[in-house]
Amino acid sequence: MNLSVQCWVSGAVALAVVLVAEPVFAQLRTGTGSRLSTTGSAKTMVTAERADKKSDKVEIKRFPKPNKTSMVRTPEFNANAVGGQAKISKKPREWALFEIHYATATKWTDELSFTYHVMTKGKDDEGKEAYSYYTLTLRYVNIPKGDHMSSVALPPSMVERYGEPISLALEIVGKDGTVLAFQSESIINYPTKEWWKDPNVLDRPQVSRRTGGLMDRSKTPFALINADDYEVVQ
């Protein structure tokens with residue numbers, strides 16, 4: 001009698017295990033297709049949520065050409081300071097100035113990161129063609145709805161030594177890391193659209209990665225011009 005009860009209990013437990021495990025095996029048998037379907041649904045929900053909040057909409061309205069039109073002379077300001085030093089520079093110097101006009105659609109955007117990529121073309125010490133790559137990320141916070149400007153610049157010394165711009169790209173990224181807007185302009189052709197991520201471009205011996213060259217506009221003499229058009233960089 002004890003043996004029969006034991007067998008009956010064992011059988012019931014085994015049946016319960018099979019019933020519980022069956023859905024798991026069914027999911028595993030569906031393989032990658034089931035997992036992709038679930039992921040797709042999650043992405044759709046996130047996209048819908050963002051669309052409802054309208055918190056991540058950014059539009060690039062004007063993007064500069066990386067050519068001679070980007071070259072701008074240093075602005076001059078009249079000063080009446082007594083005993084000030086007289087100007088010693090006789091030749092006007094030029095900056096490579098890149099100004100972006102963009103718009104945000106929500107009442108307040110918490111945070112936006114602007115990552116700039118710039119390629120210039122010049123000559124090396126032997127007179128051969130040489131290229132320089134620069135990158136800089138600016139972080140803006142508490143951005144009100146409407147039109148805004150963002151800008152970076154290469155100072156005259158970098159332009160004079162390493163050449164004028166031939167390519168410019170910008171990625172605008174939201175607080176959650178999503179790329180919200182992107183644009184690229186170049187006067188030369190690259191093997192890939194996102195040339196700044198291509199080792200076949202940046203790892204070439206003719207290309208040098210420069211650090212500390214690209215500057216936020218607020219650190220240049222242009223900072224005092226139309227200051228209200230620009231958000232504060234954090």
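Each value in this text was obtained by applying a stated rule to the coordinates, not by laboratory testing. Keep in mind that what you see is a predicted model, and the values were worked out from it rather than measured. Using ideal geometry, Cβ is built from the backbone for each residue, glycine included, and neighbour counts are taken over all protein chains shown.
Only Lys, Arg, Asp and Glu count, each charged at its Cβ (+1, +1, -1, -1), so figure out the dipole size of region 181-234 about its Cα centre, rounded to 20 debye.
With only Lys, Arg, Asp and Glu charged at Cβ, the dipole is about 320 debye.
Enumerate the aspartates and glutamates that Lys107 could reach by cross-link, defined here as Cα to Cα under 19 Å, with residues fewer than 8 away along the same chain left out.
Lys107 reaches Glu49, Asp52, Asp56, Glu59, Asp147, Asp176, Asp228, Asp229, Glu231.
Step through the residues of region 191-206 one at a time and calculate ³J(HN,Hα) from phi using the Karplus curve (6.51 cos²θ - 1.76 cosθ + 1.60, θ = phi - 60°), rounding each to whole Hz and writing x for Gly and Pro.
x, 9, 5, 8, 5, 6, 9, 9, x, 5, 9, 6, 8, 5, x, 7
Tell me, Thr104, Thr220, Thr69 in order of fewest to most beta-carbon neighbours within 10 Å?
Lowest to highest Cβ neighbour count: Thr69, Thr220, Thr104.
Could you list Asp216, Asp229, Asp125, Asp203 so that the one with the fewest beta carbons within 10 Å of its beta carbon is first and the one with the most is last?
Ascending number of Cβ neighbours within 10 Å: Asp125, Asp203, Asp229, Asp216.
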